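Encoded as structure tokens, the structure appears first; notes follow it.
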Amino acid sequence: MGTDTVRTDADDEAAGRRREQRGWYFYDWACSVYSTSVLTVFLGPYLTSVAEEAADAEGFVHPLGIPVRAGSFFPYSVSLSVIVAVLVMPLVGAAADRTGRKKPLLATAAYVGATATTAMFFLGGDRYLLGGVLLVVANAAQSVAMMLYNSYLPQIAPPEERDAVSSRGWAFGYASGSLMLIVNLVLYLAHDSFSVSESTAVRICLASAGVWWGAFALIPLRRLRDRRPAKTSTEAGGTGGEATGNPIAPGFRQLAATIRDMRRHPLTLAFLLAYLVYNDGIQTVISQASIYGSKELGLGQSTLIVAVLLVQVLAVAGALTMGRLARTYGAKRTILGSLVAWTLTLAAGYFLPAGAPVWFFVLAAGIGLVLGGSQALSRSLFSHLVPPGKEAEYFSAYEMSDRGMSWLGPLLFGLTYQLTGSYRDAIISLVAFFVIGFALLARVPVRRAISDAGNPVPTRI
């Protein structure tokens, strides 16, 4: 009788965990349309055109009296959103770990972001300042929400399941982004058939991403559950200092406290450094590929949009396939293999002939197959290296590596083009991030890092 009770309790626990995992996947499904439709495809060109409409004769707009070239307003707004996120994430992460109430914080961040995105429907005429404010709010809110979302992974998946669970989350996100992008492209390309202007079609596409985000966020918010905060070793020893102090401490002070705590786990910090380097390369390829395609290869906007859709579709298969490879070869080896693939893809991109969209689609396919998997497995591997009870705090640092620190790649890309006048040289310069990231990751003894963090070591890692 006792054995049956134990078995029933274990079955109930496993069923509850699977239910949480399915709910967790749906947050990626909810918010990925923002990254795909808003940031990658529609908002940059549209907000730039709005700023150009408001510009003076010299092509400048003047937010807060500061002269800014209309073409620079969008990237400056993105940069400002990163600064806001960097200030807020450590504060929210520490508060989530300290109180154990992640779900209300996740709900707040998600619906602030979704509301700001939906309000982009009103971005018309010369309202570039409205667009900038909404972009800053939405982008910062998404970063905060993703930090909280990622921090659930070690709580809802035991070590042996994390690679697969993380990969499924990324696959859900890419599938969602692909589906909504198809719907948006139909509206955008056939806007006359729907009796709306091109500008109105874009604003509908932007707003629909916010509605989608808010609607599907209800699923994870119903299924995920808060847990009582774990008592960390820092708290037990009574030497927390700022790391366990006032949860309303400024963001940079909390970030400094988190980094000081990370110094007690140098191998975790070593992995984070490797991730910072190679992810900088990944993010730069994503953001600059369209410039390379249009300026160097002479490809049209429709070709570039189809290439983005191809990346989204193949990233689903890539994330799931690399998740299965990780079960056989381990997450670290699989990530290292993906970095080799990234290097080869960039090398092939250097030799692409101009005016040949088919070969650009082949390049997009190569990016898609390694994009989702390399990011998903990096997330799951990092989850093993986080000390218990500090998930949100450490994932705030991880999220800043993912979003807030990716500036070296664009800088190198821009400097290389400035010095050589060649986008081919600029794109091949990004190989350095994958080579250096490979070398740094290869040196991290992940089994010892997991053990030093106080977590059980999986059979295959």
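The values are calculated or read from the model by the stated rules, or taken from the named source; none is laboratory data. The structure presented is a predicted model; accordingly, all values stated were derived computationally and were not measured. We place every Cβ from the backbone using ideal geometry, glycine too, and count neighbours over all the protein chains shown. Just the protein is used for accessible areas: all its heavy atoms, side chains included, with ligands, DNA and RNA removed. Shrake-Rupley method; radii C 1.70, N 1.55, O 1.52, S 1.80 Å.
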Task: Pair list, Cβ < 7 Å and 6+ apart or interchain, from the stretch 186-206 residues that are touching a residue at least 60 places away in the same chain (Cβ under 8 Å) and open to solvent by less than 50 Å² (accessible area, probe 1.4 Å) to residues that are of a type in the set (S, T, Y) and in a helix (DSSP H, G or I) - done: V202/Y46; V202/Y188; C205/S37; C205/Y188; L206/T117
Task: Filtered residues of the stretch 407-454 (kept if part of a loop (DSSP other than H, G, I, E, B), touching a Ser or Thr at 6+ places or on another chain (Cβ under 9 Å) and surrounded by fewer than 18 Cβ atoms within 10 Å (Cβ to Cβ)) - done: W407, S422, G454
- [ ] Select from the stretch 146-176 the residues that are of a type in the set (A, V, I, L, M) and closer than 18 Å to K390 by Cβ and write down the one among them that is surrounded by the most Cβ atoms within 10 Å (Cβ to Cβ).
- [x] M147
Task: Failed item in (1) touching a residue at least 24 places away in the same chain (Cβ under 8 Å); (2) under 25 Å from F216 (Cβ atoms), with L91 passing the rest - done: (2)
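Does L221 satisfy the criteria of being part of a helix (DSSP H, G or I), over 19 Å from A14 (Cα atoms), aliphatic (A, V, I, L, M) and open to solvent by less than 50 Å² (accessible area, probe 1.4 Å)? Outline the logic, then answer.
Values: part of a helix (DSSP H, G or I): yes; over 19 Å from A14 (Cα atoms): yes; aliphatic (A, V, I, L, M): yes; open to solvent by less than 50 Å² (accessible area, probe 1.4 Å): yes.
Yes; evaluated as a whole, the condition is true for this residue.
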- [ ] Give me the pairs, please: first residue somewhere in the stretch 419-440 and farther than 22 Å from S294 by Cβ, second residue anywhere and of a type in the set (G, A, S), beta-carbon distance under 7 Å, and either six or more positions apart or on two chains.
- [x] F433/G281; F433/G409; F434/G281; G437/A274; G437/G281; L440/A274
Task: Test result for V386, assigned to a loop (DSSP other than H, G, I, E, B) and surrounded by 23 or more Cβ atoms within 10 Å (Cβ to Cβ) - done: yes
Task: Every residue from the stretch 317-357 that is under 20 Å from S178 (Cα atoms) and of a type in the set (A, V, I, L, M) - done: A317, A319, L320, M322
- [ ] Find all pairs meeting these conditions: Cβ atoms under 6 angstrom apart; at least six residues apart or on different chains; first residue within the stretch 18-35 and farther than 12 Å from G113 by Cβ; second residue hydroxyl-bearing (S, T, Y) and open to solvent by less than 40 Å² (accessible area, probe 1.4 Å).
- [x] W24/Y152; W29/S176; S32/S176
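Only one of these is modelled with pLDDT of 75 or more and over 18 Å from I282 (Cβ atoms): G373, G389. Name it.
None of the others qualify; the one that does is G389.
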- [ ] Determine, yes or no, whether G337 is surrounded by fewer than 24 Cβ atoms within 10 Å (Cβ to Cβ) and outside any helix (DSSP H, G or I).
- [x] no
Open item on the list: Among the residues that make up the stretch 32-39, is at least one of them surrounded by 21 or more Cβ atoms within 10 Å (Cβ to Cβ) and of a type in the set (F, W, Y)?
Closed with: yes
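Could you tell me how many of the residues in the stretch 295-314 are closer than 23 Å to W170 by Cβ and either open to solvent by 30 Å² or more (accessible area, probe 1.4 Å) or among the β-branched types (V, I, T) (or both)? So that I can check it myself, show each step before the final result.
Just the residues of the stretch 295-314 that are closer than 23 Å to W170 by Cβ, to begin with: 304-314.
From the residues that got through so far, the ones that are either open to solvent by 30 Å² or more (accessible area, probe 1.4 Å) or among the β-branched types (V, I, T) (or both) too are 305-306, 308-311, 313-314.
Number satisfying all stated conditions: 8.
Hey, could you check the stretch 46-83 for residues that are outside any helix (DSSP H, G or I) and open to solvent by 30 Å² or more (accessible area, probe 1.4 Å) and say which is modelled with the lowest pLDDT?
The first filter runs over the stretch 46-83 and keeps only residues outside any helix (DSSP H, G or I), leaving 55-62, 66-69.
Checking the rest, the ones that are also open to solvent by 30 Å² or more (accessible area, probe 1.4 Å) come to 56-58, 60, 62, 66-67, 69.
On the way: D56: 89, A57: 85, E58: 86, F60: 87, H62: 88, I66: 86, P67: 87, R69: 80.
Checking each candidate, the answer is R69.
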Open item on the list: Need the failing condition index for A94 against (1) modelled with pLDDT of 85 or more; (2) open to solvent by less than 20 Å² (accessible area, probe 1.4 Å); (3) within 22 Å of the chain's Cα centre (by Cα), just the number.
Closed with: (1)
